[in-house]
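Below you'll find the structure, written out as structure tokens, and then a few comments.
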Amino acid sequence: MSLLSVIVPCYNEQEALPFFYDAIVKVSAEMKNTWGDLEFEYLFIDDGSKDSTLSVIEGLREKDKRVRYVSFSRNFGKEAALYAGLSNVKGDLAVTMDADMQDPPALLPELYRAVAEEGYDSAATRRVTRKGEPPLRSFFARMFYRLINKMSAADIVDGARDYRIMNRRMIDTIVGMKEYNRFTKGIYGWIGFDTKWIEFENVERVAGETKWSFWKLFKYALEGIIGFSTIPLSMATWFGLFMSAISFIGILFIIVKKLVYGDPTSGWSSMVCIILLVAGIQLFCMGVIGQYLSKAYLESKHRPIYIAKKTSDEDET
Ligand code: UDP
Ligand code: MG
């Protein structure tokens, strides 16, 4: 027998969950027809939802014991939810997918086949279109992927979703990475392993609304860059070198001018501009250092990545 765990992070998903549950149960039944000894477990992570997501999940568990859940004491974010999922699954394989059906459950057999039969450690999905997304958001997303791939060793695929199946070896590797500032897309790329990529067209969410504002996405992007690249830190060095070179030329220029024309009091405004520019660059570089310092500070506290308030394992004996 082999057990496939389905991990579903849920934040205020009361409307979408019933759709999702029906769809995943249907796919599970189909997969059981193809692979007879395959069993399922559905692990819902309630990420401190403020609506009745938890009672919906508890309702599902009452009629279906394959449903398990972990409920957080507050909203810790999707990254924490994914981590909680991976650390609590019992399966030989685990798949992470969104509750809103933007990760089409119908792709699951294909993902499973890649790992169970084709010998991959992992199979992941990427959407090839961003249909239905605001154009500005798509633009910034594209810029972000280009930037982060230039800057870091983790190769992060544009349009990659967190819809991914992986084997035990990979689950254990990820659970072993206990960093507090998590950027899962980067972690997947960083750890390596053989991954099969499966492409699909963007699907709009079935119910409820997106939890990601532009600002939240922007902070998430910064998180990714800071977590996987130290290039911004060395920027200060390059700025510094550049400015020194310019000022050296400036000094030569002034000396020559003095020798040729004498030294009238002029250049007050250019002086102010230069001071402002240099001060700005210095503050910027200090800010960059501060960003890394704050991450290191939070990391050094070794706080838990999530806090569970209630889990379904409590009623298991
Ligand atoms: N999610 C979560 N915690 C959060 C935000 C989102 O667990 O703080 C879950 C959410 O319930 C959904 C998935 O992460 O299952 C993706 O969120 P969403 O659909 O809002 O993001 P989008 O698809 O718009 O990028
Ligand atoms: Mg979504």
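The values are calculated or read from the model by the stated rules, or taken from the named source; none is laboratory data. Everything quoted here is computed from the prediction, not taken from an experiment. Methodologically, a virtual Cβ is constructed for each residue, glycine included, from the backbone with ideal geometry; neighbour enumeration extends over all protein chains shown.
Exactly one residue out of 226, 246 is within 30 Å of residue 148 (Cα to Cα) and surrounded by 14 or more Cβ atoms within 10 Å (Cβ to Cβ): that is 226. Is it the case, given these coordinates, that residue 40 is within 16 Å of ligand 2 (Cβ to nearest atom) and modelled with pLDDT of 90 or more? No.
Is it true that residue 80 is small (Gly, Ala, Ser), modelled with pLDDT under 90, in a helix (DSSP H, G or I) and surrounded by 15 or more Cβ atoms within 10 Å (Cβ to Cβ)? Criteria not met by residue 80. I'd like to know if segment 270-283 contains one or more residues that are at pLDDT 80 or above, assigned to a helix (DSSP H, G or I), more than 40 Å from the chain's Cα centre (by Cα) and of a type in the set (Val, Ile, Thr). No, segment 270-283 contains no residue that is at pLDDT 80 or above, assigned to a helix (DSSP H, G or I), more than 40 Å from the chain's Cα centre (by Cα) and of a type in the set (Val, Ile, Thr). Of all positions in segment 103-112, none carries a residue that is more than 17 Å from the chain's Cα centre (by Cα), on the phi > 0 side of the Ramachandran plot and within 14 Å of ligand 1 (Cβ to nearest atom). Going through segment 89-142 one residue at a time, which ones are assigned to a strand (DSSP E or B) and aliphatic (A, V, I, L, M)? Those that are assigned to a strand (DSSP E or B) and aliphatic (A, V, I, L, M): 93, 94, 95, 123, 124. Taken across segment 46-65, residues that are under 18 Å from the mean Cα position of the chain (by Cα) and either within 14 Å of ligand 1 (Cβ to nearest atom) or part of a loop (DSSP other than H, G, I, E, B) (or both) do occur, with at least one present. With respect to (1) away from ligand 1 (no atom under 16 Å from the Cβ); (2) surrounded by 14 or more Cβ atoms within 10 Å (Cβ to Cβ), the lone exception for residue 34 is condition (2).
Screening residue 305 against (1) surrounded by 12 or more Cβ atoms within 10 Å (Cβ to Cβ); (2) without any contact (Cβ under 8 Å) to a residue 12 or more places away in the chain; (3) not in a helix (DSSP H, G or I) leaves a single unmet condition, (2). Picking from residues in segment 188-219 that are closer than 26 Å to residue 16 by Cβ and small (Gly, Ala, Ser), the one that is farthest from ligand 2 (Cβ to nearest atom) is 213.
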